[in-house]
Amino acid sequence: METIYAVALAVAFVLLMQKLIRFALADADLRLLAAGPAPKGTFNGKVVWITGASQGIGAVMAQKLSADGAKLILSARRLNELTRVAASCTGPHANDVSILTLDLSDTSQIPRSVELAQKAFDGQGIDYLIHNAAYARPKLPVEDFPEDLTKATFAVNVLGPIALTRAVLPGMLKRKTGHIVVLSSAAGKIPSPLQSVYAATKHAMQGYFRSLYFETHARGINVTIAVPGPIASRVGAGAPGSSPEASGANPAVHVADPTAPDVNANEYAEEEKGRMTVERCADLILAGTAHRLPEIWISNHPVLAFLYVAQWLPELGDLIAKRVGTSRVRRYRTGQKDSYSLAALLGFGKKKPEEAPRAEGRKAE
Ligand SMILES: NC(=O)c1ccc[n+]([C@@H]2O[C@H](COP(=O)([O-])OP(=O)(O)OC[C@H]3O[C@@H](n4cnc5c(N)ncnc54)[C@H](OP(=O)(O)O)[C@@H]3O)[C@@H](O)[C@H]2O)c1
């Protein structure tokens with residue numbers, strides 16, 4: 001009998017260790033990793049409309065979807081960058097990628113855009129709508145966050161996507177099929193000190209699209225909410241205004257963002273440490289979409305671990321968030337760079353003497 005207990009204990013220990021090792025190496029939630037990559041051809045012949053496709057994650061998703069055979073509609077405000085992304089697409093439908101410039105903060109543009117999108121590709125209709133666009137994300141303390149920036153962030157991150165969804169949804173419901181993919185953020189699940197407004201918009205998106213999913217899933221609508229942690233979506237971009245070609249980066253993807261505050265390239269490179277690559281992030285989003293997972297977490301540790309803790313041990317999550325909040329404000333006030341290292345997040349390590357508060361915000365997750 002004792003031997004049976006010992007064997008059972010040993011097996012349980014080995015299984016537990018396996019899980020722990022898998023978790024320690026994970027860069028996404030374990031369900032997404034277990035599902036595996038998107039099967040080849042999942043998006044073949046499907047019409048996919050991506051907002052915010054002129055750079056970053058949106059541009060890389062466009063390239064990957066095109067390579068898989070998708071028919072693309074690309075939206076953002078900058079026509080020249082959309083044209084560059086379209087030109088970088090490969091795949092059987094790469095020659096007729098449809099470009100639709102759209103400013104999401106102006107909802108009056110949406111009805112015409114949706115009409116054009118629905119007519120594209122011989123009126124096939126929209127199979128996938130990917131809400132990827134987002135307003136620039138300065139890091140600022142709550143008391144310094146101006147009202148006009150608050151309104152602008154909600155306009156692009158929440159009101160525009162909701163208006164676009166309401167315009168696209170009737171067509172999907174009529175065809176009894178459609179898949180909406182939403183780029184939320186870890187800031188849409190857990191507190192994000194210094195990014196209160198951005199976090200508020202991402203929480204709003206979670207609430208809206210989870211409700212929409214449970215309201216419409218029986219009528220053929222799928223929703224995948226992607227929850228990325230820090231992603232290196234500006235690696236190789238150089239300082240705003242610099243030429244991506246000159247930096248050797250893929251010109252279709254790494255473009256300077258004129259909406260972003262002026263950031264020194266070296267300083268930004270420092271901030272990129274610990275972030276996931278855009279390519280990996282795009283692969284994981286497309287995998288979660290292909291497997292129709294309703295919510296997917298995509299991040300390196302420690303943010304991934306924090307997502308798990310906040311979900312399953314919320315009181316411990318709050319204790320950690322308090323520590324992170326205090327540490328982030330101190331780093332901001334003393335002019336230290338952002339960092340996603342565990343020590344920096346929790347406020348361990350060397351502390352700089354107090355300095356004058358910084359005036360400018362910075363784009364980062
Ligand atoms: N990067 C990260 O660390 C991270 C982490 C978690 C979640 N996310 C989310 O993932 C998504 C993509 O992130 P990213 O870093 O790749 O973004 P990004 O590089 O900042 O690009 C933002 C995109 O949104 C477009 N956009 C901005 N304002 C717009 C407007 N008024 N109307 C239409 N399009 C507009 C921009 O194009 P134009 O300037 O040409 O309009 C650009 O293509 C976002 O939703 C973001 O919140 C990112």
Original post:
For the pair residue 11 and residue 174, how long in nm is the line joining their label points, each one 7 Å along Cα→Cβ?
Top reply: 5.7
Original post:
Which residues' amide hydrogens lie under 5 Å from the amide hydrogen of residue 46, considering only partners 5 or more residues apart or on another chain, with H built in the peptide plane?
Top reply: 71
**OP:** At 15 Å minimum axial length over the Cα atoms and a Kyte-Doolittle cut of 1.6, report the qualifying DSSP H helices in the chain, or say none.
**Re:** 2-25
Original post:
Ordered by packing density, taken as the mean number of other Cβ atoms within 10 Å over each peptide's residues, highest first, how do 12-18, 61-67 rank?
Top reply: 61-67, 12-18
Original post:
How much accessible area per residue does the chain have, in Å², with a 1.4 Å probe?
Top reply: 46
Original post:
Is region 44-120 rounded, prolate or oblate when judged by the Cα gyration tensor, a ≥ b ≥ c being the square roots of its eigenvalues, rounded requiring a/c under 1.5 and prolate requiring a/b larger than b/c?
Top reply: oblate
**OP:** Compare the peptides 189-197, 147-155 by average per-residue count of other Cβ atoms within 10 angstrom and give them in order, highest first.
**Re:** 189-197, 147-155
Original post:
Is there a pair in 139/337; 119/176; 119/202 whose C-alpha atoms are over 22 Å apart, and which pairs would that be?
Top reply: 119/202
Original post:
Taking a ≥ b ≥ c as the square roots of the eigenvalues of the Cα gyration tensor of region 23-307, is the shape rounded (a/c under 1.5), prolate (a/b larger than b/c) or oblate?
Top reply: rounded
Original post:
Over region 85-232, what percent of the accessible surface lies on carbon and sulfur atoms, probe 1.4 Å?
Top reply: 53
Original post:
So which chymotrypsin sites (Phe, Trp or Tyr not before Pro) in region 82-139 end up in coil per DSSP with only 11 or fewer other C-beta atoms within 10 Å?
Top reply: none
Subject >> Whole-Å distance, taken between Cα centres, linking region 118-156 and region 170-195 >> reply: 11
Subject >> Net dipole in debye of the chain [+1 Lys, Arg Cβ; -1 Asp, Glu Cβ; about Cα centre; nearest 20] >> reply: 440
Subject >> the chain - share of DSSP beta bridges that are antiparallel (%, nearest 5) >> reply: 5
Subject >> Listed peptides 76-86, 29-39 by packing density, highest first (mean Cβ within 10 Å) >> reply: 76-86, 29-39
**OP:** Report the relative contact order of region 23-307, percent, no decimals, based on alpha-carbon pairs under 8 angstrom and at least 6 residues apart.
**Re:** 23
Subject >> Residue-averaged 222 nm ellipticity for the chain, from DSSP H runs of 4+ at -39500 (n - 2.57), nearest 500 >> reply: -14500 deg cm²/dmol
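The values are calculated or read from the model by the stated rules, or taken from the named source; none is laboratory data. All figures in this text were calculated on a predicted structure; none of them were measured in a lab. Every residue, glycine as well, gets a Cβ built from its backbone with ideal geometry; the counts of neighbours run over all protein chains shown. Ligands, DNA and RNA are excluded from the accessible area calculation, which covers all protein heavy atoms including side chains. Shrake-Rupley method; radii C 1.70, N 1.55, O 1.52, S 1.80 Å.
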